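Read the structure below first, then the notes.
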Amino acid sequence: MRETLRTRMGWLHGWAGFVAGLLAVCIFMTGSLSVFDTEITRWMQPENQVPANAPLTDTALNAASSLIHDQQVRGASVFLTLPSVRSPTLDVLHYDGRQFVGTLFDPRTGTPIPARATMGGTFFFSFHYTLLEGITGTRIVNIIGVVLLVTIISGIVIHIRALVPDIVRLRLSAARLRGWLDAHLLVGVLVLPFTIMIIYTGVLVNAGLILPATPLTSLFAPEKVRTPPTSGMKAATVMPQPLPPLAPLLATARRDLQGRDAGFILFSPDHLSIYASDASGPFLTRDHADFSLPDGRLVGITTTSGSVAHTMQVMHGLHYARFAPLDLRWLYFVSGLCGTATIASGLVLFLMKRRSRSGHRIGFRVGESLTVSTLTGLPISILAFLWCNHLLPASMAGRDRLEIGCFLGAWILCTGHAGLQSSGLRMNGAWRTQLCLIALLGGGLPLLDILTCPRAVYGLPAIHAAIDGIGMLAAAVVLYVRHRLESDGK
């Protein structure tokens, strides 16, 4: 009976892991990069050289207030992002339908920073939870998360008896299948608590999209035609009030929000709301203080109470990790990459076990080409995205769209290359070629950085050294993997 259960769990683990794993690698890899999305954005905007902990002055706040009022008069809906340790600029932003864009101010002088247009690290964050498909993509990501939880549980059932001996003996020099299995188990067990936590909290954050708190009958009912309320139309024509000095309001909000720093300010025609920073603690809240305009009088404090609400705030905080200090964010990043490696090695194992009996079938070749285009094509696309950012002229119009086009174009080319190699049963050639391309792009990242923006490398050495170093590390890893492929092929 137990062997039958393990056999069935093995089938479930293999097929559910493979089907979900192709997208899960993309979700985990871009999610790992999203831990440092702000730092990646700073790397991709070398014109922004404001140091961390730069003081926020009244001059900068007044300059931002003036721009905000001018844009409100023109009908734009803007908000103000306040400086933080990770992002020390003062940003006046609005949503253009695809991303948040606007003007960056130096918090010391109030001078606008002529930073190049780019999606920056926000692109990886958006890809991580939407797959660039909006609400539909978010639902797919949540479903993938549920399938991954099932895959993890079935994997534990399969290996629970021999788990300790298998993870103690890492037999990389053994047969390829045994070595891949040992690596899969070792890395998977080491980051198992993190993997379960990050998947569970990720599913819980957007659980309402796949399990809506709405009767099923209403989901299929015909949609009622809504007429816009006249009161809302009248409110839209109200002339925005002048903004009072923001510094005293920030001090009042900090006092009434239990000493938490302010993260951003939302503006309405007759009031403004100062929200607590996401970095204030593990509870990711939307607590805020409201002030009337134009006198700046405190209207009220909005906080969330209740055990259920606090539990959800902790779940959000643990998943987004915006409260995390630098060392904890590095731990998130490394754990995320280890989770990516666990899923990737599982995909390779799935194919290796079936190659001898199914390698000639079209379905197997399609699955293998998709695996190659995911495991190597996605890193190539990410590196191409970074290279495109530094090579395109800083003042070029629409350069942020060209960056995305470069990312998608590189991925499509990698997928096409893997498909052609698969049709000729030359998959080792696809692996070797694309691994070499990763090594070339990753290893060349420091040289690209120094040649295109030397002042930024000198001004912010830590950020540039970290990102360039990760590129070089990726190059070293794939060169080792390519060497093992050549050794095994002899």
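Binning at 10 Å from 0, report for the chain what percent of all alpha-carbon pair distances ends up in each bin.
P(r) over the chain, rounded to whole percents: 4, 16, 25, 25, 17, 9, 4, 0.
Which value, in Å², gives the accessible area per residue of the range 393-490 when a 1.4 Å probe is used on the protein heavy atoms?
That works out to 55 Å² for each residue.
On average, how much accessible surface per residue is there in the range 326-385, in Å², for a 1.4 Å probe, leaving out ligands, DNA and RNA?
I get 39 Å² per residue for this part.
At 1.4 Å probe size, with the rest of the protein present, what percent of the exposed accessible area of the chain is carbon and sulfur atoms?
Whole-percent figure for carbon plus sulfur exposure: 67.
For helix 461-489, what angle does its Cα long axis make with the longest principal axis of the chain, in degrees from 0 to 90 and rounded to 10?
Between helix and principal axis, roughly 10 degrees.
First select every other residue whose beta carbon is under 15 angstrom from the beta carbon of Y458; then total the charges, Lys and Arg +1, Asp and Glu -1.
My count for the surroundings of Y458 gives -1.
Percent of alpha carbon pairs in the range 357-475 separated by more than 22 Å?
43 percent
Nearest 10 degrees is fine. How inclined is helix 399-423 to the longest principal axis of the chain, computing both from alpha carbons?
On a 0 to 90 degree scale, this one is about 10.
Net charge near T130, counting Lys/Arg +1 and Asp/Glu -1 over other residues with Cβ under 12 Å of its Cβ?
The answer is +1.
Of L392, P446, L402, which is farthest on the positive side of the dipole of the range 359-489, counting Cα position, with +1 on Lys and Arg Cβ, -1 on Asp and Glu Cβ, and the Cα centre as origin?
Of the options given, the answer is L402.
What is the distance in Å between the Cα centroid of the range 355-388 and that of the range 266-339?
Centre-to-centre distance over Cα atoms comes out at 39 Å.
What does the accessible area per residue of the range 1-98 come to in Å², with a 1.4 Å probe and no ligands, DNA or RNA counted?
45 Å²
Loop-only check: which trypsin sites (Lys or Arg not before Pro) in the range 79-149 are DSSP coil with at most 14 other Cβ within 10 angstrom?
In loop regions of the range 79-149 (DSSP not H, G, I, E or B), the sparsely surrounded trypsin sites (Lys or Arg not before Pro) are R98.
Could you state the angle between the C-alpha long axis of helix 246-256 and the longest principal axis of the C-alpha atoms of the chain, as a value from 0 to 90 degrees rounded to the nearest 10?
Its long axis makes an angle of about 70 degrees.
How about the chain: what cysteines have no other cysteine beta carbon under 4.7 Å from their own?
C26, C338, C414, C436, C453 - these cysteines have no disulfide-compatible partner (Cβ-Cβ under 4.7 Å) in the chain.
For W180, what accessible area in Å² do you get when you roll a 1.4 Å probe over the heavy atoms of the protein chains, rounding to the nearest 10?
It works out to around 90 Å².
Arranged from highest to lowest average of other beta-carbon atoms within 10 Å per residue, in what order do the peptides 459-466, 45-52, 183-190 appear?
Those peptides, ordered most packed to least, come out 183-190, 45-52, 459-466.
So if I place +1 on the C-beta of Lys and Arg and -1 on the C-beta of Asp and Glu, and nothing else carries charge, what would the dipole magnitude of the chain be about its Cα centre? I want it in debye, nearest 20.
For the chain, the charge dipole is close to 2100 debye.
Using helices alone, I'd like the mean residue ellipticity at 222 nm for the chain: each DSSP H run of four-plus residues gives -39500 (n - 2.57), total over residue count, nearest 500.
-21000 deg cm²/dmol
Using mean Cβ contacts within 10 Å as the protection proxy, how do 69-79, 255-265 order, highest first?
255-265, 69-79
The values are calculated or read from the model by the stated rules, or taken from the named source; none is laboratory data. Bear in mind the structure is a predicted one, so any value in this text is a computation, not a measurement. Note that each Cβ is placed from the backbone with ideal geometry, even for glycine, and that neighbours are counted across all protein chains shown. The accessibility values were calculated without ligands, DNA or RNA, using every heavy atom of the protein model including side chains. Shrake-Rupley method; radii C 1.70, N 1.55, O 1.52, S 1.80 Å.
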